[in-house]
Each structure stands twice: as C-alpha cells, then as structure tokens.
1. Given +1 on the Cβ of Lys and Arg, -1 on the Cβ of Asp and Glu, and no further charges, what dipole in debye does the chain carry about its Cα centre, rounded to the nearest 20?
2. Of Glu189, Glu323, Glu208, which has the largest mean-square fluctuation in a 10 Å C-alpha GNM of the chain?
3. A 31 angstrom limit on the alpha carbon distance is what I want to check against. Which of Lys176/Lys200; Lys73/Lys176; Lys36/Lys176; Lys39/Lys200 exceed it?
4. Given the options Leu134, Leu66, Leu274, state which has the largest fluctuation in a GNM of the chain using a 10 Å cut-off (strictly under) for Cα springs.
5. Measuring from label point to label point, each 7 Å out along Cα→Cβ, what is the Asp321 to Leu83 span in nm?
6. Mind checking the full-extension length gain between Val242 and Asp276? Use 0.36 nm per residue of separation minus the Cα-Cα distance, one decimal, nm.
7. With a 10 Å Cβ neighbour count serving as the proxy for reagent exposure, in which order, fewest first, do Asp97, Asp314 appear?
8. Calculate, in nm to one decimal, what Asp288 and Gln304 gain on full extension: separation in residues at 0.36 nm each, minus their alpha carbon distance.
Amino acid sequence: MADTLAETENTIDRRMPSEEVASEPVSAISARALRKVYKASGGQPAKEALKGIDLDIPRGSIFGLLGPNGAGKSTFINILAGLVIKTSGSASIWGFDTDVNPRSARASIGVVPQELNIDPFFTPAEALEMQAGLYGVPKSERRTMEILEAMGLDDKAHAYARTLSGGMRRRLLVAKAMVHNPPVLILDEPTAGVDIELRKQLWDYVQELHAQGTTIVLTTHYLEEAQSLCDQIAIINHGEVVACEPTQTLLSRISEKRLIVRAASPLDQIPASLEDMKVTLRPDGSLDIQYNPVEVSAMSILAQLSAEGLEIADISTEESDLEDVFLQLTSGAHGAGN
C-alpha cells in the first residue's frame with residue numbers, strides 16, 4: 001500500500017502552471033453540481049446538505065469557505081477527503097477527478113479536521129512518522145521535527161498525545177496534514193481553542209507555506225481572520241453558494257458606513273435633524289449614525305448638527321466589515337447539512 005501511495009505522490013505536479021501555458025486560471029479544487037443528500041433515519045427526514053454547488057478554488061490562493069453552522073461546509077470538505085460519498089455531481093483536486101483518480105486526488109490534499117481525532121498513545125513524532133509512512137514519504141524526505149518545531153511542538157515531540165493540551169492537539173492535527181507536502185491544505189476551524197500567540201505562530205507558518213505555492217482553504221468562525229488572510233471568499237448557506245468573490249469585492253457589497261459623533265456634553269436624545277436617519281444613541285451619550293455615502297455625505301450630516309447648535313468634540317467613521325456582509329447574506333438561516 002505504501003508503495004502505491006508513493007507512486008501516486010510522484011505523479012502529482014505541484015508546480016503552478018506558467019503564464020505562457022495557462023490560458024485561463026487553473027483550479028486547485030473544482031466542484032460541479034455537487035450534491036449530497038443524507039437519508040432519512042431515526043424518525044428524521046432526509047436532509048439535502050449540498051444542493052448542486054459549483055465552486056472553483058484557484059491554485060495558489062488563500063481561499064475562505066464560510067457559512068453558519070450546518071451550512072454544508074464540512075460535508076463539502078469530507079467529500080473531497082473521501083470520507084463522505086456524494087449523491088451526484090463531480091469534484092476534482094489538483095486536476096484529479098475524485099471518482100476517476102481517487103488516490104491522486106486524496107494525495108493532493110492535507111485536511112485538518114474540526115474533531116480532535118488523535119491516538120492518545122502515540123507521541124507527536126510517532127504520529128507524524130506513521131502518517132508519513134501511510135503516504136509513502138521516504139524516510140530521507142520526512143520533515144517530522146521541522147514540522148513539529150513550526151507548530152511549536154518540538155519540546156513535546158516524545159510526550160504521549162494524551163498529555164497535550166487542547167490547543168497542542170489541534171496543532172498536531174495541522175502537523176499531520178502537512179507530512180506529505182500536499183499542494184492543497186484544507187484547514188477546518190484550525191484556530192479553535194488556540195491562544196492568540198500560538199494562533200499567530202500558526203498563521204505565520206501557513207503564510208510561509210502559501211508563499212511556497214501551497215493553496216490554502218480555510219473555514220473559520222473568526223471572520224476577522226478570513227478578512228485579513230483570504231484573497232477570495234465563498235459563503236455557503238443552506239447547502240448553496242450564496243457568494244464567491246475576491247474579499248474586497250465582497251466587502252464592497254455593503255456601502256453603508258457609520259459616523260460616530262461625540263458632543264461636548266453627552267446627549268440624552270437624538271437631534272431632530274437626524275430623525276429620518278438610522279441613528280442610535282449610545283450609552284455614553286454619543287451618536288451612532290449609519291449612512292450611505294452615495295446618498296449623503298458625512299460633511300452634510302455634520303453641517304446639520306452644527307445648524308442645530310450642537311458642539312462636536314470628536315468624530316470617527318467605521319466601514320462595513322466581513323461580519324456585516326456575512327450576516328446580510330445568511331441572516332435568519334438555519335443550515336440543512338453539516
């Protein structure tokens with residue numbers, strides 16, 4: 001089995017297509033009409049987790065895959081990993097169809113799952129060595145200690161996994177996913193339970209891998225992470241792709257801004273001139289004014305307040321972030337799948 005996997009590994013071309021050869025973007029992952037229906041069981045009706053989604057993840061990108069709990073993200077990832085059998089449609093990884101070339105497709109990705117599924121009786125070093133062996137990585141090419149050091153686990157290399165903290169176990173999962181140097185790395189909630197310092201260390205290493213040509217696919221509930229790291233984002237809701245755009249394009253969907261105005265003396269009511277606008281009086285007596293800069297300028301709002309004799313002590317503006325876009329696209333939704 002190891003020899004077969006090793007042969008499969010050697011057939012994978014990790015190089016980015018040259019600009020001269022590639023006439024169109026080549027996808028690291030591609031899905032067409034991908035559908036998954038979980039059969040009815042235990043008195044529960046059948047659930048359509050994926051509703052025929054089409055999705056292309058560009059090679060060399062850091063791609064965010066977002067959605068509320070139960071939207072279908074994990075189902076999509078598990079189909080790619082070969083853990084869930086799709087109902088219909090097709091999927092390919094690094095050009096390998098998951099039905100036609102399943103071994104090559106699976107050898108092309110490393111998946112970091114949400115669940116902490118590690119053997120408590122193996123040390124981190126043993127776990128990585130075993131994983132590398134399963135993928136047919138020759139001993140001379142294994143990077144066990146290098147990966148453990150990058151994950152901040154080198155001092156725990158020979159400790160039983162059961163003695164590791166939750167954050168350490170999650171980092172061990174990331175390490176296991178990288179032993180065969182896959183061209184695509186899928187991180188499913190990788191920073192859940194990881195403290196701030198170690199989270200930064202993880203992202204530094206992920207960005208280093210990305211700089212070397214690895215395609216990164218990230219699911220996370222930390223939307224600020226997705227906004228700062230990802231160059232393209234897809235949002236899945238109710239088993240459907242409701243948005244798939246470059247991050248900045250996605251953010252531009254909401255043009256609304258917020259103007260925070262603090263008067264010289266705290267206010268106890270909203271000025272009459274702003275009664276037709278979206279205005280909230282904050283507990284500290286400042287005004288939170290939501291406005292569309294296409295329809296009205298911040299200067300005109302301030303002029304209205306000045307005309308009422310309001311003495312302004314301080315102003316600040318806030319633009320929409322990914323959380324605003326996410327809530328707009330998924331509000332009131334309860335997912336159908338995993």
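All of the numbers you see were taken from the coordinates with simple rules; none came from a lab. Keep in mind it's a predicted model, so treat the numbers as computed, not measured. Because the Cβ atoms are built from the backbone with ideal geometry, glycine has one as well, and the counts that use them run over all protein chains shown.
1. Once rounded to the nearest 20, the dipole reads 1420 debye.
2. Among Glu189, Glu323, Glu208, the largest GNM mean-square fluctuation belongs to Glu208.
3. Values: Lys176/Lys200 19 Å; Lys73/Lys176 21 Å; Lys36/Lys176 28 Å; Lys39/Lys200 41 Å.
Beyond 31 Å between Cα atoms: Lys39/Lys200.
4. Leu274
5. So the label points at Asp321 and Leu83 sit 3.0 nm apart.
6. Working it through step by step, the gained length comes to 9.0 nm.
7. Working: Asp97 14, Asp314 10.
With the fewest neighbours first, Asp97, Asp314 line up as Asp314, Asp97.
8. Working: separation 16, 0.36 × 16 = 5.76 nm, distance 1.50 nm.
Gain on extension, Asp288 to Gln304, equals 4.3 nm.
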